[in-house]
Amino acid sequence: MKLFAKLFVLVALTINIAFLCGCSTVPYTDRSRILLTGENEENNLGLDAWQKMLAEGKMSSNVKQNGALLRIGSNISAVAGKPDYKWEFRVFVNPQANAFCLPGGKVGVTSSLFEYTANDAELATVVGHEIGHAIARHGGERMSHGIMQQIGSEAVSYGTQEPMFVTAFGLISHVGGVLPYSRVHEYEADHIGLILMAKAGYNPRAALSFWKKFGKGGTDQRLMELLSTHPMSKKRLLEMEILQKKAWEYYNKAPRKHGFGEKL
């Protein structure tokens with residue numbers, strides 16, 4: 001029992017130190033979180049990854065797709081509150097439907113995703129969601145959790161000298177901390193993305209039509225990559241329904257309303 005007590009004291013100490021060093025809040029949701037990384041550091045890592053992707057990936061030459069992404073991305077990034085980000089928008093040729101936004105504002109969408117977006121507003125749903133991850137600094141938060149996990153593991157190893165407890169701490173911190181936070185990040189990106197698309201003048205109802213399509217697309221192999229990183233559930237859709245009222249308040253204040261925009 002003394003070893004278990006020592007284990008949990010060390011874990012609690014690690015968490016308390018982390019809170020004292022880097023507690024902040026997420027824009028729009030006001031969730032408190034721990035950040036042990038600097039935004040410039042995160043953005044530099046994002047730029048490095050982006051340059052590698054541009055060098056190794058195949059860029060789409062589809063004028064309509066590139067035009068749509070640039071049009072929608074520019075509108076959403078303009079209301080994202082990150083004028084210091086060096087925004088870029090590229091369509092990558094890839095058979096898997098997916099999208100991402102790296103720290104610092106590098107947005108990529110695969111060509112296959114356009115098969116599932118009926119209009120500008122549905123594409124704005126995806127772009128807003130991914131930009132939501134970036135401005136919430138979810139990448140930095142995951143890095144911070146990794147740092148905390150490593151510190152905790154080393155503290156437990158030093159304090160107990162028992163490999164079994166080091167292994168136990170790793171499992172506890174991963175299942176009890178990292179995995180739940182990845183789910184929190186998805187809900188949060190839904191929330192922020194919905195607000196951003198509404199602020200940019202895109203009809204918030206498009207978010208529901210888009211994600212419902214993906215929730216029913218489980219047997220389509222082209223959707224597997226997106227569904228593996230953005231698993232849909234009734235709870236997520238319910239949360240988006242609840243957020244509609246808030247999103248419409250932003251939409252009604254938007255200086256220019258695009259509605260559902262152009263057909264894609």
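The residues of the stretch 46-78 that are polar (S, T, N, Q) and either in a helix (DSSP H, G or I) or within 20 Å of the chain's Cα centre (by Cα) (or both), listed by number, are Q51, Q65, N66, S74, N75, S77. Could you tell me whether the stretch 71-78 includes any residue that is in contact with a Leu (Cβ under 8 Å, 6 or more places away or on another chain) and crowded, with 17+ Cβ neighbours inside 10 Å? Scanning the stretch 71-78 turns up at least one residue that is in contact with a Leu (Cβ under 8 Å, 6 or more places away or on another chain) and crowded, with 17+ Cβ neighbours inside 10 Å.
Being within 23 Å of G259 (Cβ to Cβ) and not in a loop (DSSP other than H, G, I, E, B) is the filter here; which residues of the stretch 79-90 pass it? The answer is F89, and nothing else.
Restricting the stretch 106-132 to residues that are surrounded by 24 or more Cβ atoms within 10 Å (Cβ to Cβ) and small (G, A, S) leaves a set whose member that is nearest to the chain's Cα centre (by Cα) is G132. Looking across the stretch 227-245 at every residue that is in contact with a helix residue (DSSP H, G or I) (Cβ under 7 Å, 6 or more places away or on another chain) and either among the basic types (K, R) or modelled with pLDDT under 85 (or both), the one that is farthest from H185 (Cα to Cα) is identified as L227.
Checking each residue in the stretch 47-65 for being polar (S, T, N, Q) and over 16 Å from C101 (Cα atoms) picks out S60, S61, N62, Q65. Within the stretch 56-79, being modelled with pLDDT of 95 or more and farther than 23 Å from I192 by Cα holds for K58, M59, S60, S61, N62, V63, K64, Q65, N66, G67.
The values are calculated or read from the model by the stated rules, or taken from the named source; none is laboratory data. Computed from a predicted model, the values in this text were never measured in an experiment. Heads up, the Cβs are rebuilt from the backbone with ideal geometry, glycines too, and the neighbour counts pull from every protein chain shown.
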